[in-house]
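**Q** The structure's right below; bear with me while I get my questions together.
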4 protein chains.
Amino acid sequence: MQNARPLPNYLIKRYNGWKATTYKENEAWYHRLADEGQRPRAMVISCCDSRVHVTSIFGADNGEFFIHRNIANLVPPYKPDGLQHGTSAAVEYAVTALKVAHIIVLGHSNCGGVQGCLSMCSGKAPELEEKSSFVGRWMDILRPGYERIKDLPEETQAAALEKESVLVSIQNLMTFPFVAKEVKEGRLTLHALWNDIGEGGLEHYDPEQGHFLSV
Amino acid sequence: MQNARPLPNYLIKRYNGWKATTYKENEAWYHRLADEGQRPRAMVISCCDSRVHVTSIFGADNGEFFIHRNIANLVPPYKPDGLQHGTSAAVEYAVTALKVAHIIVLGHSNCGGVQGCLSMCSGKAPELEEKSSFVGRWMDILRPGYERIKDLPEETQAAALEKESVLVSIQNLMTFPFVAKEVKEGRLTLHALWNDIGEGGLEHYDPEQGHFLSV
Amino acid sequence: MQNARPLPNYLIKRYNGWKATTYKENEAWYHRLADEGQRPRAMVISCCDSRVHVTSIFGADNGEFFIHRNIANLVPPYKPDGLQHGTSAAVEYAVTALKVAHIIVLGHSNCGGVQGCLSMCSGKAPELEEKSSFVGRWMDILRPGYERIKDLPEETQAAALEKESVLVSIQNLMTFPFVAKEVKEGRLTLHALWNDIGEGGLEHYDPEQGHFLSV
Amino acid sequence: MQNARPLPNYLIKRYNGWKATTYKENEAWYHRLADEGQRPRAMVISCCDSRVHVTSIFGADNGEFFIHRNIANLVPPYKPDGLQHGTSAAVEYAVTALKVAHIIVLGHSNCGGVQGCLSMCSGKAPELEEKSSFVGRWMDILRPGYERIKDLPEETQAAALEKESVLVSIQNLMTFPFVAKEVKEGRLTLHALWNDIGEGGLEHYDPEQGHFLSV
């Protein structure tokens, strides 16, 4: 705790500005949110990447989205082994406690985590294969996706694997009994999206056509 | 994947609005971000809670913050056991690949995850103690914090444990060798924050006084 | 007026998005609507409830429906006593000035106003019986409907009273001389609908069978 | 009830389309809304006019806005006289039962109700002054606004009175004890808006400058 340091001054200034404007204008709403608790309509699972902020893209304000962000927007398969699974805990809380109506998995272009997975799976990043690499072990979740795209032309593999990161997560979500049950009973829907950062594009997976299309 | 469904129409409309305004106005910047990659100054670890959006509080735009969000903004201790650790992967990527200069851990008031931990540790939520409870196992990370606050008056325990969730994370961050090394060499600083949702307050941990103070 | 505050920023952003897309695409139509005035085909009387938007259900665009919304979609009986009657004013304007061809009264499931009426009429909500309760006095309009459903099994009373709220309004509409005249002369038709929010169902009252049927 | 007629076929077709698409895509959300009740963030008071749909302008979906619509978006002064006040009932329900954080009063250009008020107050519409005119009596609420604009150049009076219809409503809202109390305690904020139909403009009242400005 000796290592906790004061916030850089530019962030304190910005916070003070937010307090005097955005907070002030929404004070009543923040009071309600504090008193009555959150009741978000959707859970969003997106990447930690600093270039993708889902609240901006969807004009969402406080209270709308319960947002989990990890490397490459991955959901591991259901595994109730008594160990720590932060993503599974977030999904469990969203579905069983908050009873969200949607889970939106949002992938994106130029994803560093997916690029690392591609390098690792194609044998070009031995350091990621080491037991001690947290990024490598985390990206192992995406190996089934790599198997499906490895024979594509090399220049298309990254984008294809980014989309697989979304689909693998959707697949794994369905291995959670409480997710599958809510989906089956019409109380939860899953959505697979991919955002092109440079072009500002948004594609969704169309199960009938079997690929991603612009929304 | 058969379970991926079209996005609700109101979100498509809002996305189209974003594309025609925010994206359009920042097109050059989005192109640069896509072409040259991200270079965020800070990593933020905050809660999934829909009521706390750090980009709003700190007026942060695309490219500024690499954001990991999980239940109760927790970082587990360093444990390179070859298993999947999503939070540790995010920290590793931020520090070793992106070389962020700050890690900000942001806790908040009225935290459902912390409340669950409080109930569990005080014996009032046996369902969270089961092996199969992802939320319960995840909140085990905060048990050392509970030990430090359990003798406080009951009505102050929740806020105290929310602050402990930040401090436990800071402590655990220092168990990662690559974090400790960067901190020691002055290339990385850690920041412990707590946000009061209703009042819009922001406190930071002051190591000299040994408690949280308004920024 | 000192109490008028700036709009929350997320709504300004969404408005800007609408302006750049929906407005832009329909600019010519909006200009015509402004220059030539509205000429709606139907008046809709529905509830204020946030879960029922008639424009969505009927794919209606600007200019189609003249919409009055109040608690429980009620029309009071004709009473030209020189006092303020907002609902009667809306009906008068729609029929005599706009000459709409239809008046659609749309009730819905899970109606809080109807539930309040049920509690009040069965003696379980004395606070609604007080002179100062605007909701209670407003729901008095529905008392004749309660008389018709009070002997039904308790679990069916709420839905039955929701449907009565539509029928009482249709009945009361016919007490307005200008409504009765237009109906008699074939220039106006009245429609009684009830929407099941959860199931997305829509029922209309069939005078021959004497009850509501799916459309 | 003999007067309830089947819905025009084009509306049944559109409803069937909505059921198969919008409802289907949002089924989970509609189920939640039905099971758990509404919890709208804001109440909107707007005009019945067919050309102004607030959900479109603000990209709002089911569950977000509790919407009361009457002629000229008027709120009468607080008057707990035991008579029927539909608008007051809607405000009471929104503030005391739903505990909304915002009340947005939305006026608009080319308002027929306001035009009628202008004609009536300037002596050009004696029929509206009759005791039996519901529209006339309803527009009496706006007479204090007319007093403030009657000396303006004639061609600017209509727009000025439309804006007064918003401000009179804000003023009257503050005469409701439960509104004033929530505003004072920071649990409710009031917003005064005016929409230019033809140009797609949106203005808000700025108390410091004392007039409406583009948002």
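What follows draws every value from the coordinates through simple rules; no lab data is involved. All of these numbers come straight from a predicted model, not from anything done at the bench. Here the Cβ positions follow ideal geometry from the backbone for every residue, glycine too, while neighbour counts run over all protein chains shown.
**Q** In Å³ and rounded to a whole number, note down the convex hull volume per residue for the Cα atoms of region B:61-152.
**A** Hull volume over Cα atoms, normalised by residue count, gives 137 Å³.
**Q** Still on this structure: Check each of the GluC sites (Glu not before Pro) in region A:111-192 and keep only those in coil by DSSP with at most 12 other C-beta atoms within 10 angstrom; list them in order.
**A** Counting only loop positions with at most 12 other Cβ atoms within 10 Å, the GluC sites (Glu not before Pro) in region A:111-192 are A:E130, A:E185.
**Q** Also, quick follow-up: List the pair-distance distribution P(r) of region B:106-146, using every Cα-Cα distance, as the percent of pairs falling in each 10 Å bin from 0 up to the bin containing the longest distance, rounded to whole percents.
**A** Final binned percentages: 32, 58, 9.
**Q** How crowded by other chains is D:40-48, given as the mean number of beta carbons from other chains within 10 Å of each beta carbon?
**A** Per residue, the number of nearby Cβ atoms from other chains is 6 on average.
**Q** Moving on. Distance check, please: which entries in D:K79/D:K163; A:K131/A:K181; C:K79/C:K181; C:K24/D:K19 exceed 26 angstrom between their Cα atoms?
**A** A:K131/A:K181; C:K24/D:K19
**Q** A further question on this structure: Can you list which of the chymotrypsin sites (Phe, Trp or Tyr not before Pro) found in region C:9-116 are DSSP loop residues with at most 13 other C-beta atoms within 10 Å?
**A** none
**Q** In addition: Give, as a single signed number, the net charge of other residues whose beta carbon lies under 10 Å from the beta carbon of C:A101, with Lys and Arg counted +1 and Asp and Glu -1.
**A** Details: positive: C:R41, C:K99, C:R187; negative: C:E182.
Overall, the nearby charge balance is +2.
**Q** In straight Cα distance, which aspartates and glutamates are under 18 Å from D:K150, not counting same-chain residues fewer than 8 positions off?
**A** List returned: D:E129, D:D140, D:E162, D:E164.
**Q** Which ³J(HN,Hα) values in Hz, rounded to whole numbers, follow from the phi angles of region C:21-33 under the Karplus curve 6.51 cos²θ - 1.76 cosθ + 1.60, where θ = phi - 60° and Gly and Pro get x?
**A** Those phi angles translate into 10, 4, 4, 4, 5, 10, 3, 4, 5, 5, 4, 4, 4 Hz.
**Q** List the residues whose amide H sits under 5 Å from the amide H of C:T175, counting only those 5 or more places along or on another chain, with H placed 1.01 Å from N in the peptide plane.
**A** It is C:Y78, by chain and number.
**Q** Out of region A:99-160, which trypsin sites (Lys or Arg not before Pro) are coil in DSSP terms and have no more than 12 other C-beta atoms within 10 Å?
**A** A:K124, A:K131
**Q** Also: Set Lys and Arg Cβ to +1 and Asp and Glu Cβ to -1, take the dipole of chain A about its Cα centre, and tell me which of A:G37, A:H85, A:F178 lies farthest positive.
**A** Highest projection toward the positive end goes to A:G37.
**Q** If you take every DSSP beta bridge whose two residues both sit in the protein assembly as shown, what share of them, in percent to the nearest 5, is antiparallel?
**A** Restricted to the protein assembly as shown, the bridges split so that about 30 percent are antiparallel.
**Q** With the cut-off at 1.5 for a/c, could you classify the protein assembly as shown from its C-alpha gyration tensor as rounded, prolate or oblate? Could you put the intermediate results ahead of the total?
**A** Values: a/c = 1.91, a/b = 1.82, b/c = 1.05.
Taking the square roots of the gyration eigenvalues as a ≥ b ≥ c, the protein assembly as shown is prolate.
**Q** Specify the angular offset, from 0 to 90 degrees and rounded to the nearest 10, of the alpha carbon long axis of helix D:154-173 from the longest principal axis of the alpha carbons in chain D.
**A** Orientation of helix D:154-173: about 60 degrees from the principal axis.
**Q** Here's something else I'd like to know. Which ³J(HN,Hα) values, rounded to whole Hz and listed in residue order, are derived for region D:108-114 from phi using the Karplus coefficients 6.51, -1.76 and 1.60 in 6.51 cos²θ - 1.76 cosθ + 1.60 with θ = phi - 60°, glycine and proline given as x?
**A** Using θ = phi - 60°, the values come out as 7, 6, 6, 7, x, x, 5 Hz.
**Q** Quick one: what are the phi-derived ³J(HN,Hα) couplings along region D:174-181, Karplus 6.51/-1.76/1.60 with θ = phi - 60°, whole Hz, x for glycine and proline?
**A** 5, 7, 7, x, 6, 6, 4, 5
**Q** Evaluate peptide C:99-109: per residue, the Cβ atoms of other protein chains within 10 Å of its Cβ; return the mean as an integer.
**A** Partner-chain Cβ atoms within 10 Å, mean over residues of C:99-109: 1.
**Q** Please compute, for peptide A:63-74, the average count of beta-carbon atoms on other protein chains lying within 10 Å of each residue's beta-carbon.
**A** Shielding by partners across A:63-74 averages 6.
**Q** A further question follows. Collect residues whose amide H, placed 1.01 Å from N in the peptide plane, falls under 5 Å from the amide H of B:G107; neighbours closer than 5 in sequence don't count.
**A** The answer is B:L193, B:W194, B:N195.
**Q** To continue, here is another question. Rounded to whole Å, give me the distance from the Cα center of region A:113-153 to that of region D:1-57.
**A** 47
**Q** Evaluate the relative contact order of chain D (contact order divided by residue number), counting alpha-carbon pairs under 8 angstrom at least 6 apart; express in whole percent.
**A** 20
**Q** Now for a separate question. Once every Cα of region D:38-214 carries one equal point scatterer and solvent is ignored, give the base-10 log of I(q)/I(0) from the Debye formula at q = 0.09, 0.12, 0.16 Å⁻¹, two decimals.
**A** Here log10 of I(q) over I(0) equals -0.30, -0.54, -0.98.
**Q** Sticking with this structure for a sec: Magnitude of the Cβ-charge dipole of chain D, K/R +1 and D/E -1, about the Cα centre, nearest 20 debye?
**A** That gives a dipole near 780 debye.
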